[in-house]
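These notes are about the structure you will find just below.
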Amino acid sequence: MRILIIITSAIFLGSLGMTAMALASLDASQGGQDKVTDIYVFSQQGCPYCAKTLSLLEELKSKDYPELKIHEYDMKNHPEYFNKFTEFTKAYNADINKVPTTFINKAAISGFRESDLRQMVEYCHLPVNTCVDPAKFVQEKLSQPTPVTEEKPFTNTARPEVIGWILIGGIVVGGAIVIFNKMI
């Protein structure tokens with residue numbers, strides 16, 4: 001019985017070590033650099049919800065996410081930005097005609113929706129996720145000859161090897177707990 005506990009403990013500790021190595025390789029592949037997250041906000045001067053959206057994004061940038069790059073397009077003072085807004089909504093296949101409209105990754109957020117904005121910023125901040133620059137996304141979509149199709153804003157870009165090691169570690173721990181409880 002003592003040998004069984006020692007073997008189970010060794011397997012558990014080994015799986016933890018492999019999980020740690022997989023996570024370390026993930027961090028090393030990121031290069032230790034913060035990813036830049038581009039956010040495009042189409043707004044109008046005097047719009048209270050536009051001001052709230054921009055204020056929230058600036059707050060997130062100053063407190064937790066310095067890698068945010070906020071691009072503001074005030075369509076009231078610069079009507080030429082309306083063409084850019086139209087390109088964005090066409091590429092995102094979004095039927096939106098109001099401000100503020102925020103584009104982050106592959107999501108178009110219409111109005112001031114604090115939880116959605118925070119969720120997308122956090123999603124793009126995680127090292128396992130890759131977020132696209134909305135301007136590049138628009139350029140790519142508009143250059144395609146096929147019609148634009150709607151894409152889900154959240155995609156699973158997690159690395160399978162990391163998830164695999166975490167899953168193996170969980171199974172080993174669960175098995176060790178079951179065996180240990182049966183021995184007692």
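The values are calculated or read from the model by the stated rules, or taken from the named source; none is laboratory data. In this text, all values refer to a predicted model and were calculated from it rather than measured experimentally. Every residue, glycine as well, gets a Cβ built from its backbone with ideal geometry; the counts of neighbours run over all protein chains shown.
Taking the residues in segment 85-100 that are touching a residue at least 24 places away in the same chain (Cβ under 8 Å), assigned to a helix (DSSP H, G or I) and not hydrophobic (A, V, I, L, M, F, W, C) as candidates, determine which candidate is surrounded by the most Cβ atoms within 10 Å (Cβ to Cβ).
Keep residues of segment 85-100 that are touching a residue at least 24 places away in the same chain (Cβ under 8 Å), which gives 85, 87-88, 90-93, 99-100.
Of the ones still in play, those that are also assigned to a helix (DSSP H, G or I) are 85, 87-88, 90-91.
The next check asks that each one be not hydrophobic (A, V, I, L, M, F, W, C); those that pass are 87, 90.
Details: GLU87: 15, LYS90: 13.
That would be GLU87.
All of (1) more than 25 Å from SER143 (Cβ to Cβ); (2) among the aliphatic types (A, V, I, L, M); (3) in a strand (DSSP E or B) hold for LEU117 with one exception: (3).
With respect to (1) touching a helix residue (DSSP H, G or I) at 6+ places or on another chain (Cβ under 7 Å); (2) closer than 21 Å to GLU67 by Cβ; (3) modelled with pLDDT under 95; (4) of a type in the set (Val, Ile, Thr), the lone exception for THR155 is condition (1). Listed conditions (1) surrounded by fewer than 13 Cβ atoms within 10 Å (Cβ to Cβ); (2) in a helix (DSSP H, G or I) are all met by TYR123, apart from (1).
Conditions (1) within 20 Å of VAL99 (Cα to Cα); (2) aliphatic (A, V, I, L, M), marked per residue:
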{"position": "ILE39", "(1), (2)": "yes, yes"}
{"position": "SER43", "(1), (2)": "yes, no"}
{"position": "THR53", "(1), (2)": "yes, no"}
{"position": "LEU56", "(1), (2)": "yes, yes"}
{"position": "GLU67", "(1), (2)": "no, no"}
{"position": "HIS71", "(1), (2)": "yes, no"}
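Every residue, every condition in (1) loosely packed, with under 15 Cβ neighbours inside 10 Å; (2) in contact with a Leu (Cβ under 7 Å, 6 or more places away or on another chain); (3) at pLDDT below 95; (4) of a type in the set (Phe, Trp, Tyr), yes or no:
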position: ALA20; (1), (2), (3), (4): yes, no, yes, no
position: LEU26; (1), (2), (3), (4): no, no, yes, no
position: VAL41; (1), (2), (3), (4): no, yes, no, no
position: LEU54; (1), (2), (3), (4): no, no, no, no
position: ILE70; (1), (2), (3), (4): no, yes, no, no
position: TYR73; (1), (2), (3), (4): no, no, no, yes
position: LYS76; (1), (2), (3), (4): yes, no, yes, no
